[in-house]
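To start, the structure itself, in structure tokens.
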Amino acid sequence: MRKLQQGFTLIELMIVVAIIGILAAVALPQYQTYVAKSQVSRAMGEVGALKNAIDACFNDNRVNIISSAPRGAAVGAGDCDLAATASTLMVGAAQGVGSTAALPGTGYPLVANATLAANATNTITATFGNSANPQLAVAGANTLVWERSVDAQWHCFSTVPAKFRPAGCTDQATAFP
């Protein structure tokens with residue numbers, strides 16, 4: 001009578017565990033890069049949505065920035081309510097009198113000046129922090145900026161490492177003609 005083999009040998013189990021360990025060691029850094037790239041793209045979209053609000057404010061001659069007025073609050077004739085939402089990826093206080101304060105662990109993108117100026121370059125800056133990937137929350141390398149020229153052209157640039165930067169963002173500000 002032949003005895004049937006039952007189970008795996010210790011060597012076979014050790015080889016399988018080693019292969020899984022190698023795969024995990026390769027996959028984890030790639031996953032972290034993917035998460036960081038997606039967070040930068042998300043911030044680019046969130047901040048980019050404010051471009052339309054700023055353009056509308058210019059068209060209506062409203063120049064005093066309010067990040068996000070409370071729902072139902074009266075907004076003055078010269079006030080520009082960006083209707084920004086606080087993000088868990090950013091740090092930054094709300095701007096303007098009457099703005100809704102950011103909840104703990106969230107932040108707002110910031111417009112360079114509290115007053116929009118048609119004859120100056122205006123910027124919207126997202127500074128990564130809070131629950132953003134730790135590789136994005138490094139001081140000096142953690143901003144994404146939309147810049148508006150005097151002739152209403154928008155340009156995106158970022159200080160985040162190149163491997164995380166979206167295709168539509170360069171690594172530095174460009175001088176507008």
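The values are calculated or read from the model by the stated rules, or taken from the named source; none is laboratory data. Computed from a prediction, not measured in an experiment: that's the story for all the values here. We place every Cβ from the backbone using ideal geometry, glycine too, and count neighbours over all the protein chains shown. Accessible surface is based on the protein model in full, side chains and every heavy atom, while ligands, DNA and RNA are left aside. Shrake-Rupley method; radii C 1.70, N 1.55, O 1.52, S 1.80 Å.
Among the trypsin sites (Lys or Arg not before Pro) in the stretch 51-142, those placed in a DSSP loop whose Cβ has at most 11 other Cβ atoms within 10 Å are R71. In this calculation the C-beta distance from M14 to T170 is compared with R0 = 41 Å, giving a FRET efficiency of 0.25. What is the antiparallel percent of DSSP beta bridges lying wholly in the chain, to the nearest 5? Beta bridges within the chain, antiparallel portion: roughly 75 percent. Peptide packing: for 106-112, 157-163, the average count of neighbouring Cβ atoms within 10 Å per residue gives the ranking 106-112, 157-163, highest mean first.
On the basis of the beta-carbon distance and an R0 of 30 Å, A77 and K51 show a calculated FRET efficiency of 0.85. What is the percent carbon and sulfur in the accessible area of the chain, measuring with a 1.4 Å probe over the protein chains and ignoring ligands? Roughly 61 percent of what the probe reaches on the chain is carbon or sulfur. In a fully extended conformation the segment linking T85 and L23 would gain 18.4 nm over its present Cα-Cα distance, using 0.36 nm per residue. In the chain, the DSSP-assigned H stretches of four residues or longer account for a calculated mean residue ellipticity at 222 nm of -10500 deg cm²/dmol, using -39500 (n - 2.57) per stretch and the full residue count as denominator.
Counting only protein chain heavy atoms and rolling a 1.4 Å probe, the accessible areas of F8, F58, F164 rank, largest first, as F8, F58, F164.
To the nearest ten degrees, helix 10-59 and the longest principal axis of the Cα atoms of the chain are 10 degrees apart. Classify the stretch 22-177 as rounded, prolate or oblate from the Cα gyration tensor: take a ≥ b ≥ c as the square roots of its eigenvalues, call it rounded if a/c is under 1.5, otherwise prolate when a/b beats b/c and oblate if not. Oblate is the answer for the stretch 22-177, as a/c is 1.5 or above yet b/c matches or exceeds a/b.
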